[in-house]
Amino acid sequence: MAEVILEQLCKNYGTVEAVRDVNLTIADGEFVVLVGPSGCGKSTTLRMVAGLEELTGGNIKFNGQIVNDLTPKQRNIAMVFQSYALYPHMTVFKNMAFGLKLKGLAKDEIKRRVAEAAALLDISELMDRKPRELSGGQRQRVAMGRAIVRQPLVFLFDEPLSNLDAALRGQMRVEIKRLHKALATTIIYVTHDQIEAMTLADRIVVMNAGRVVQVGDPMTVYNRPIDKFVAAFIGTPKMNFLAARLETAGGGGLVLQLEGGGTLPVPESRTRAYQPYLNKAVEMGIRPDHLSVDDAGGSEPAGFEATIDVVEVTGAGALAFFSFAGVDAAAQCLPRDTARAGQRVLIAADMEHMHLIETDSGRVVPVETA
Amino acid sequence: MIATAKKAGLRLWVYGTAALLTTICGFPLAWLILTSIKPDREIFAAIPTFWTDRPSLDAYARLFEETNYLTYFFNSIVVAGSATLLTIVVATLAGYAITRYRFPGRETIAGGMLLTYMFAPIMIIVPFFILMRGIGLTDSHVGLVLSYTTFALPFSMWLLRSFFQSIPIDLEHAAMTDGASRPQAVWYVIVPLALPGVIAVSIFTFIVAWNDYIFTFILITSDDLKTLPVGLFDIYTSSVTDWGMITAAGVVITLPALVFFVFVQRYLISGWGAGGVKG
């Protein structure tokens, strides 16, 4: 159990800055997920916490104590690797017992702890097998078992599910979450998969180009992204970005004049926040969930017209893809709308969920929450 | 039916060829062993016989009683064994270091290792002797062991380096996050996985040291310190050529290498590598 603090963490490889000025306080028992595209520095950050990479600058503290110069052994962490990294020449039992043996624990104690972890992960029957005789999912469980038995201060997961197929990934996600509940140990988890980040994390740390872009609980990051990068990275299907111009409407309110044609009213609550962008080119960010192919055709609908290219049915719902002012976008529709590919339709926007994005900086203009 | 016949034909061909090759390789060894247990009269018979009706170990008795061969034998064991151990230790550490540590000139050193292997020992034997005399290691087993290690090392390091390179670094990192120090990670995880390489190195070094004639001949002067190849040559060049004894000496010099190889070759079989990391 430990509180982990990263202070101005930096890592350079020659002239390449892999990690820049990362500051993060992870509470004891918290499940933090570092997420970002490949090469964003998330794995490097994790490996610095593990003690597998030296720091170029900054500090790492476990429970207030600086651990920068401690070896992985001295840090008392446990790590699960994407490649599983099981010792191929040892049985499952020996793989799990390895760390305990090195600690010099008594044989009975080792047996007890391995058996406990094995029961927790449902791998008790595999104890005498070698890693090559296991399936991918089983190997991943053994790798987690090997981490659990050590009862470390911090668990570090480096893309542990990336080599599993989709169904198994979903199942293992649930198990990892369950394990965290049972063990209540601090977890730092690295992934490029934003769904893993959303489903697992107490707090998400979005990284890009070696920097931390945004830290927050999953719903905050999802609903109030700090910039266009986070807005685009978090959430499936991806957020739509439509070029527009902010103008005044008749009644003192604001409207967005879309580049591809159409006028959308800005909610009144945002008038004050958006005022500085009046008569400027901006981008409107809105998730496909908040755009819908509108059948009703009521009076003055908040929407715009577009021609549907493709409709993708997901089962319960469907997504209509269209091109708008040269930008690909998507809106939700009903599965029966499949037939409407090629048709020109009205797309209605739920403007309460829109984001205004500065064109040059990519910053999402913050709004006061009610 | 035709397929089965074809298969049987192929099998016959494979086994036939294998048997022929084994005979070609094995015949001199068999002849050596058989000659060593023949009475003198049969050895010199005008029409040589393959089998003997009266096998005897007289030649061996003469070998051990009348010559220093047993001393040479133990010297060979000590020298070849020590050189093998030393080479394994140094080559493992060096091969590991050159694989895992980053330092300027790493690739140059790796390439240089192979270059030194290309020099035949005979080319540098004279400067080598002068060097050994300078540090007072002529006429000693330490000098011999160091010589064999010197010449076995480049190839051994090169071989182990390629083994270490094939072991995923994640395994080592896993061991270290599992609470192992670097030496422990190397000892418990890396070395067992590179075992086929270590065995290959040990066979190579043992054979180099066991078979060496020239270094012992140049460096060793005391009779007590001589090894088998030089001892064998001494017997051959002594006043009367006792073929029975020479063949017995030949058997004694061959058997340990044979036993050593039979003992370690089963560890050469790899196949441990798979399954630890993905795929």
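Observations on the structure shown:
- Gyration tensor (Cα) of the protein assembly as shown, equivalent ellipsoid semi-axes in angstrom: 74, 29, 23
- Solvent-accessible area per residue for the range A:4-233 (1.4 angstrom probe, square angstrom): 40 Å²
- The range B:188-225 versus the range A:215-232: alpha-carbon centroid distance in Å: 64 Å
- With all protein chains modelled, accessible area of A:E312 [1.4 Å, Å²]: 90 Å²
- Other residues lying with their Cβ under 13 Å from the Cβ of A:L9 contribute a combined charge of +1, Lys and Arg counting +1, Asp and Glu -1.
- Using the Karplus relation 6.51 cos²θ - 1.76 cosθ + 1.60 with θ = phi - 60°, the per-residue 3J(HN,Hα) values for the range B:11-28 come to 4, 4, 5, 4, 5, x, 4, 4, 5, 4, 5, 4, 4, 4, 6, x, 4, x Hz, with x marking Gly and Pro.
- Inter-centroid distance (Cα atoms) of the range A:160-177 relative to the range A:319-366, Å: 31 Å
- Along the range B:152-161 the Karplus relation, 6.51 cos²θ - 1.76 cosθ + 1.60 evaluated at θ = phi - 60°, assigns HN-Hα couplings of 8, 4, x, 5, 4, 5, 4, 5, 5, 4 Hz to successive residues, with x for each Gly and Pro.
- Scaled radius of gyration (Cα, divided by 2.2 N^0.38 Å) that chain A gives: 1.19
- Among the chymotrypsin sites (Phe, Trp or Tyr not before Pro) found in the range B:152-214, those both in a DSSP coil and sparsely packed, with 15 or fewer other Cβ atoms within 10 Å of their Cβ, are B:Y213.
- Per-residue Karplus couplings for the range B:163-180, computed as 6.51 cos²θ - 1.76 cosθ + 1.60 with θ equal to phi - 60°, are listed in order as 5, 4, 5, 7, 8, x, 5, 4, 5, 5, 5, 4, 4, 6, 6, 7, x, 9 Hz, Gly and Pro entered as x.
- Selection of chymotrypsin sites (Phe, Trp or Tyr not before Pro), the range B:18-127, meeting DSSP coil and at most 14 other Cβ within 10 Å: B:F44, B:F50, B:W51, B:Y101, B:F119
- Summary of the geometry: the range A:54-117 and the range B:69-124, compared by the centres of their Cα atoms, lie 34 Å apart.
- Solvent-accessible surface of the range B:66-278, averaged per residue with a 1.4 angstrom probe and all protein chains in place: 47 square angstrom.
- Protein heavy-atom accessible area occluded, A/B pair - total, 1.4 Å probe, Å²: 2300 Å²
- Take each residue in A:72-79, count the other chain C-beta atoms within 10 Å of its C-beta, and the mean is 5.
- Local electrostatic count at A:M90 - Lys and Arg +1, Asp and Glu -1, tallied over other residues with Cβ under 12 Å: +4
- Using a Gaussian network model of chain B in which every pair of alpha carbons under 10 angstrom is joined by a spring, one finds that among B:T52, B:T108, B:T247 the greatest mean-square fluctuation is at B:T108.
- Taking all protein chains as shown and a probe of 1.4 angstrom, B:S162 keeps an accessible surface of around 60 Å².
- Three-way shape label, the range A:217-317, alpha-carbon gyration tensor, a/c 1.5: oblate
- Atom-type composition of the exposed protein surface of the range A:56-147 places 47 percent of the accessible area on carbon and sulfur (1.4 angstrom probe).
- Among the trypsin sites (Lys or Arg not before Pro) in the range A:152-253, those located in a DSSP loop and surrounded by at most 16 other Cβ atoms within 10 Å of their own Cβ are A:K238.
- Cα shape, chain B, gyration tensor, a/c 1.5 rule: oblate
The values are calculated or read from the model by the stated rules, or taken from the named source; none is laboratory data. Just so it is clear, the structure is predicted and the values come from calculations on it, not from any experiment. Neighbour counts are summed over all protein chains in view; Cβ atoms, including those assigned to glycine, are modelled from backbone coordinates with ideal geometry. Just the protein is used for accessible areas: all its heavy atoms, side chains included, with ligands, DNA and RNA removed. Shrake-Rupley method; radii C 1.70, N 1.55, O 1.52, S 1.80 Å.
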